[in-house]
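Shown next, in structure tokens, is the structure this report addresses.
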Amino acid sequence: MLDLRNGVNIGDALDVFDCGDISDELDCEAAWTGSKISEQYIKAICDAGFNTVRLPVSWHNHLTDANYTISKRWLDRVEEIVSCIIKNGMYVILNIHHDNNSGFLYPSAEKMEQSISFICSIWKQIAERFKDYDEHLIFNSMNEPRLVGHECEWNVDLDNPDVRKSIACINRLNQEFVNTVRLCGGCNKTRYLLCPGYDASAE
């Protein structure tokens, strides 16, 4: 049984998607804040009374080929931070963050096959890397999946046919995520998984 209580989001770090002219991908982590996530910072979060950390991660700008292979250096860094959070007695919620765009993950019928390939490839690599981590690690399939640039991007209008089709696509992508993680074995067989709806909206 999970004991999730007060939580905090460590954003603008591993989810940086615009690194400007930075040549070393690991330096992207500090592109927006000027500093990287340190063990001292993680310990301070724990000491402040938090026991859950949401760790948003962008993956699309850390891929090495057309098969969506994640850079080993980037995945190593993500694991380093996840391990540090858990070592300090907290839960981690790990996700796919700023990857919702037409080149990678886009919940429309036209982009469906590409989106399935992306989400299955990314989550297979993550799930295999973390298969021995216990229930302190939770996976969240996507961040606010939506039709970026659409008139209903932030408006869940169920009368709009594009939105209804997108919801069906998101349901399919969430199921692909669940299937992919479960098949990776280890603790993934029973790992807690979070599956958002359109916009991650309460509607």
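The values are calculated or read from the model by the stated rules, or taken from the named source; none is laboratory data. Values in this document were obtained by computation on a predicted structure and should not be read as measured data. Note that we place each Cβ from the backbone using ideal geometry, even for glycine, and neighbour counts take in every protein chain shown. Note: areas computed on protein heavy atoms with side chains; ligands, DNA, RNA excluded. Shrake-Rupley method; radii C 1.70, N 1.55, O 1.52, S 1.80 Å.
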Item to check | Boolean, C84 is surrounded by 15 or more Cβ atoms within 10 Å (Cβ to Cβ) and closer than 18 Å to L55 by Cβ | outcome: yes
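Okay, residues lined up against (1) touching a Phe, Trp or Tyr at 6+ places or on another chain (Cβ under 7 Å); (2) free of Cβ contacts under 8 Å to residues at least 40 places away in the same chain:
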position: L4; (1), (2): yes, no
position: V8; (1), (2): yes, no
position: V16; (1), (2): yes, no
position: C28; (1), (2): no, yes
position: A31; (1), (2): no, yes
position: S38; (1), (2): no, yes
position: I42; (1), (2): no, no
Checklist entry - When segment 25-50 is examined, which residues are found to be more than 21 Å from I96 (Cα to Cα), open to solvent by 50 Å² or more (accessible area, probe 1.4 Å) and part of a loop (DSSP other than H, G, I, E, B)? => result G34, S35, A48, F50
Item to check | Any chance D162 is in a loop (DSSP other than H, G, I, E, B) and open to solvent by 10 Å² or more (accessible area, probe 1.4 Å) | outcome: no
Next on the checklist: Every residue in segment 170-191 that is open to solvent by 90 Å² or more (accessible area, probe 1.4 Å) and farther than 17 Å from Q114 by Cα, please.
Outcome noted: L183, K189, T190
Item to check | Selected residue [closer than 28 Å to R164 by Cα, open to solvent by less than 10 Å² (accessible area, probe 1.4 Å), out of contact with any Cys (no Cβ under 7 Å at 6 or more places or on another chain) and assigned to a helix (DSSP H, G or I)] from W74, W123 | outcome: W123
Item to check | Matching option when the condition is part of a strand (DSSP E or B) and either open to solvent by 20 Å² or more (accessible area, probe 1.4 Å) or among the acidic types (D, E) (or both), among V8, V53 | outcome: V8
